[in-house]
Structure formats: C-alpha cells, structure tokens
Amino acid sequence: NAGVMQNPRHLVRRRGQEARLRCSPMKGHSHVYWYRQLPEEGLKFMVYLQKENIIDESGMPKERFSAEFPKEGPSILRIQQVVRGDSAAYFCASSPIGQGTDTQYFGPGTRLTVL
Amino acid sequence: DQQVKQNSPSLSVQEGRISILNCDYTNSMFDYFLWYKKYPAEGPTFLISISSIKDKNEDGRFTVFLNKSAKHLSLHIVPSQPGDSAVYFCAASPASGTYKYIFGTGTRLKVLA
C-alpha cells in the first residue's frame, strides 16, 4: 500500500535553471495538491489538480510556476528560471474525493536548493 | 495575514505526562480541522481531524478539542512517548474550498525520557 511518492527528494539548481518536481498519488487517489514550505513557516497551498485538469491554482505564483497532472504518469510541478527565493520544501498530497471532509495524505517532499 | 496560529513554537514534556498543543484561528468560515505530525526530512503525517459539528474527537492517545466560540482547538496526547517528538501542524479548511488547507507554523514537541 504505497503512499504518496515524490522525486527527487533533493534537487539543487543554479539560478536561471528549471526545476521539475514529480508526484505520484496514492493508489486510488485522483486528486493532487501541491504545497510549499519556506523555512520556519507552515505549508502554503499552491495548486489543486485532477487528471488533466487544474482545479485551483490560486496559491501559485503567476510567473515561472506551472503544474500538470496528465492522464498517464505523475503530477509535475515545474519552476522555470529558478531564483534563490524558490528554495523551499515542496510537498505533494493526494486524496480520494476532493471535497467534504476528505483527508489529504502527504508525500515526503522535495527539498529544492537554488544556488 | 496568519489565519491559523500556533503561538508556541516549542514544548517540552516529560514521558508519560500529557502534551497539550494549541491552535487558534481567525476565520469563522473554517469548518474542518486537522492535526499533522512531521518528522525532520519527512512529509506531514495525518493524525486526527474534527469537523465543526463536533467539539471532541478521540483516537487512541490523541484527542482533539474544538471550541468554536473561542476559535480555538487543542491536541492532547496522553501519555506522551519519546516517539511523539516531532513538529505538530494544525490545519483548517473553509467550507467553500475544503481542499485548501491553511496551516499553522507548527509546534515542536519534545518528549523527554
């Protein structure tokens, strides 16, 4: 009964490069959420996706950030032209229903370091 | 604008005693609340939740209390064990977008053997 999988666990990029973070939801879950945690802060909602649909991206920066959840394969959070301020832990969560008192289950996170 | 606040960044408790972690919120539209535990270099692990129609929910050693009038919830762990040492996050979601969890900044619990 595999949980939410994220890779890579650690990612180092130089300023201006692209970062791609992957998330495979728990089996049976079709709702995926991305959160970002800056040092000494709580997790902040970024985006909510279902297969082939972005439902809510209100927490995502308007520029350089994009997310997708294709019909086949993992969800991808893509950060173009990374800057030092993008250094953070990025967590993916999944849930079975997406509404009501649905509980989100989190992956181990990807720690992005921008040099 | 911190809508979910955990005002104690850290807490130390003796093994076997009760740990009480507190959380305050400002948005009266929140109607679902959760507690997550997080170990270093891992993702948050779901612990327990409570809906606003209840004022208490219990699961083994963990009990969450909700005081809607005070906009306050607390997590009680009894008896505390060294393995409970972790950062505990309180999260809330509004009725209008129940997927958009709003997290507090966390309380680091240390259970002393």
Determine if region B:58-69 includes at least one residue that is over 14 Å from the mean Cα position of the chain (by Cα) and within 13 Å of chain A (Cβ to nearest Cβ).
no
Under 6 Å between Cβ atoms, which residue pairs at least 6 apart in sequence (or on different chains) link something in region A:51-65 that is within 11 Å of another protein chain (Cβ to nearest Cβ) with a partner that is aliphatic (A, V, I, L, M) and surrounded by fewer than 14 Cβ atoms within 10 Å (Cβ to Cβ)?
none
Out of the residues in region B:2-57 that are within 12 Å of another protein chain (Cβ to nearest Cβ) and acidic (D, E), state the one that is farthest from A:G42 (Cα to Cα).
B:D31
Any residue in region A:72-93 that is under 15 Å from A:F45 (Cα atoms) sitting within a Cβ distance under 9 Å of a residue that is of a type in the set (S, T, N, Q) and part of a loop (DSSP other than H, G, I, E, B)? List the pairs, counting only those 6 or more apart or interchain.
A:A93/A:Q104
Evaluation of A:F69 against (1) within 11 Å of another protein chain (Cβ to nearest Cβ); (2) touching a strand residue (DSSP E or B) at 6+ places or on another chain (Cβ under 8 Å) (one fails), failing number
(1)
Of all residues in region B:10-39, which are basic (K, R) and farther than 26 Å from B:K100 by Cα?
B:R17
By residue number, the members of region B:73-100 that are in a loop (DSSP other than H, G, I, E, B), surrounded by fewer than 16 Cβ atoms within 10 Å (Cβ to Cβ), modelled with pLDDT of 95 or more and touching an Asp or Glu at 6+ places or on another chain (Cβ under 8 Å) are B:P79, B:Q81
When region A:40-64 is examined, which residues are found to be among the hydroxyl-bearing types (S, T, Y) and either modelled with pLDDT under 90 or assigned to a loop (DSSP other than H, G, I, E, B) (or both)?
A:S58
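The values are calculated or read from the model by the stated rules, or taken from the named source; none is laboratory data. From a predicted model like this one, the values you see are computed outputs, not experimental measurements. Note: ideal-geometry Cβ built from the backbone for every residue, glycine included; neighbour counts use all protein chains shown.
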